[in-house]
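A short worksheet on the structure shown next.
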Amino acid sequence: MELDQELAAFRAEYERTAPAERIALQDAMVEKLLATFPIADVPGIGEQAPEFVLPSASGQMVSLSEVLRERHAVVVFYRGGWCPYCNIQLRAYQRLLPQLARLGGNLIAISPQLPDGSLSTTQRNALDFAVLSDAGNGVARSFGLVYSLPEELRQALRSVDKALPGINGDDSWELPVPATFVIAKDGRMVFSHVDIDYRSRCEPDIVLSALRSLQPADPALSEV
């Protein structure tokens, strides 16, 4: 099943069973964010990606510059392991790893949750790529992705035991909008996909196409 189909199936089942007022609240939040999110703050194609050094689920420090010495980077910002849409995306990208590797890509996922939460996300979804903790959303902020949840949504998350202060270790109630970037080995942004509506995510095939664009040209074809 394609990622968009998996997400749509989950959303349909969720909306069939969830309280109508909660669905209306989430819809209203997405509509407001679509109208107000400063998308111009996100680094554009051709710009240098912001450097970062973050801890992985295993406690190892991972830097973007070190990854780029060997491979291109596919950097995915997600809200946290508590978000079912994020877990669906991460599992879909896990299935992508062999193709990413063949195209010289290295997958990195980043969320503001504490390292213990990143470890749980890694284990629960059987992930074989780096899952990093961006406490305080410092890296997400450098990518222009951070927004603050309104009080109504804070209350909704508290009611289902998903209060962000306990998950992220701070009282900001801030999250990154989900986003996927492909960064070439020279640090250039070559692909950017921002999902202001968190219920949609970048299709894996689009990421593969961006990586293919970085492959060396075949000299035989250039002579034809």
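The values are calculated or read from the model by the stated rules, or taken from the named source; none is laboratory data. For clarity, every value in this text was computed on a predicted model and none was experimentally measured. Cβ sites come from the backbone with ideal geometry, for glycine too, and all protein chains shown count toward neighbours.
Please go through the stretch 12-47 and give me each residue that is farther than 17 Å from Leu153 by Cβ and among the charged types (D, E, K, R), ordered by number. Steps first, please.
The first filter runs over the stretch 12-47 and keeps only residues farther than 17 Å from Leu153 by Cβ, leaving 12-13, 16-17, 38-47.
If the condition is that a residue be farther than 17 Å from Leu153 by Cβ and among the charged types (D, E, K, R), then Glu13, Arg16, Asp41, Glu47 are the ones that fit.
Tell me, yes or no, whether the stretch 123-133 has at least one residue that is farther than 19 Å from Met189 by Cα, part of a helix (DSSP H, G or I) and modelled with pLDDT under 95.
Filtering the stretch 123-133 down to residues farther than 19 Å from Met189 by Cα leaves 123-133.
Going one step further and asking which of them are part of a helix (DSSP H, G or I), we end up with 123-124.
Filter once more, so that each one left must be modelled with pLDDT under 95: 123-124.
There is at least one residue in the stretch 123-133 that is farther than 19 Å from Met189 by Cα, part of a helix (DSSP H, G or I) and modelled with pLDDT under 95.
Kindly provide the set of residues from the stretch 4-33 that are among the hydrophobic types (A, V, I, L, M, F, W, C), over 30 Å from Gly187 (Cβ atoms) and assigned to a helix (DSSP H, G or I), ordered by number. Steps first, answer last, please.
Within the stretch 4-33, the subset among the hydrophobic types (A, V, I, L, M, F, W, C) is 7-10, 12, 18, 20, 23-25, 28-30, 33.
Subsequent filtering for residues that are over 30 Å from Gly187 (Cβ atoms) retains 7-10, 12, 18, 20, 23-25, 28-30.
Matches in the stretch 4-33: Leu7, Ala8, Ala9, Phe10, Ala12, Ala20, Ile23, Ala24, Leu25, Ala28, Met29, Val30.
Could you please find all residues in the stretch 34-66 being aliphatic (A, V, I, L, M) and either surrounded by fewer than 16 Cβ atoms within 10 Å (Cβ to Cβ) or closer than 21 Å to Pro115 by Cβ (or both)? Write out each step before concluding.
Of the stretch 34-66, the ones aliphatic (A, V, I, L, M) are 34-35, 39-40, 42, 45, 49, 53-54, 57, 61-62, 64.
Across the stretch 34-66, the qualifying residues are Leu34, Ala35, Ile39, Ala40, Ile45, Val53, Leu54, Ala57, Met61, Val62, Leu64.
For residues that are more than 16 Å from Gly187 (Cβ to Cβ) and not in a strand (DSSP E or B), tally how many sit in the stretch 43-60.
Step one: filter the stretch 43-60 for residues more than 16 Å from Gly187 (Cβ to Cβ), giving 54-60.
From what is left, the residues that are not in a strand (DSSP E or B) are 57-60.
Total satisfying the criteria: 4.
On the basis of being buried (at least 18 other Cβ atoms within 10 Å of the Cβ), at pLDDT 95 or above and not in a helix (DSSP H, G or I), does Tyr93 make the cut?
On the way: buried (at least 18 other Cβ atoms within 10 Å of the Cβ): yes; at pLDDT 95 or above: yes; not in a helix (DSSP H, G or I): no.
No; evaluated as a whole, the condition is false for this residue.
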